[in-house]
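This report concerns only the one structure given below.
The values are calculated or read from the model by the stated rules, or taken from the named source; none is laboratory data. Worth saying up front: this structure is predicted, and the values here are computed from it rather than measured. For neighbour counting, all protein chains shown are included, and Cβ atoms are generated from backbone atoms with ideal geometry for every residue, glycine included. SASA here: full protein model, heavy atoms, side chains in, ligands and nucleic acids out. Shrake-Rupley method; radii C 1.70, N 1.55, O 1.52, S 1.80 Å.
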Amino acid sequence: MALPTLTPEQRAEALAKAAEARKARSELLASIKSGKESIDKVLNRAKEDKTVGKTKVTQLLKAVPGLGAVKVAALLEQAGIDPDRRAAGLGERQREALINALK
């Protein structure tokens, strides 16, 4: 299936929307990294908040101080979560397993 042809105005609008989403995700990750937001609260609002919901769980966890790629991979494997899973796609048990593992 071919992509639809966009007018220059539609293209500019889509680019602006994408830039806004990237900025919001960046601010979210920065707030987790600085400690303003806790990962459990962020994960619990993944279903309602589009920015959180569309962010990969791996990215969210790597933003937590003290967690690097190896620890994040181990946590995800332990909880049975695919590394490419987005926050909104987590089941209740998976979210609880992650939050409990981080305490």
With the structure loaded, tell me whether G66 is under 18 Å from S34 (Cβ atoms) and open to solvent by 10 Å² or more (accessible area, probe 1.4 Å) or whether it fails that test. yes
Which of the residues spanning the stretch 34-49 are within 19 Å of R95 (Cα to Cα), among the basic types (K, R) and either free of Cβ contacts under 8 Å to residues at least 40 places away in the same chain or open to solvent by less than 80 Å² (accessible area, probe 1.4 Å) (or both)? K41, R45
Before we move on, is A18 surrounded by fewer than 18 Cβ atoms within 10 Å (Cβ to Cβ), in contact (Cβ under 8 Å) with a residue 24 or more places away in the chain and among the hydrophobic types (A, V, I, L, M, F, W, C)? no
Within the stretch 11-44, track down each residue that is part of a helix (DSSP H, G or I) and among the polar types (S, T, N, Q). S26, S31, S34, N44
Just checking, how many residues over the stretch 78-96 are free of Cβ contacts under 8 Å to residues at least 24 places away in the same chain and surrounded by 18 or more Cβ atoms within 10 Å (Cβ to Cβ)? 2
I need the full set of residues from the stretch 50-60 which are open to solvent by 100 Å² or more (accessible area, probe 1.4 Å) and outside any helix (DSSP H, G or I), in order please. K54
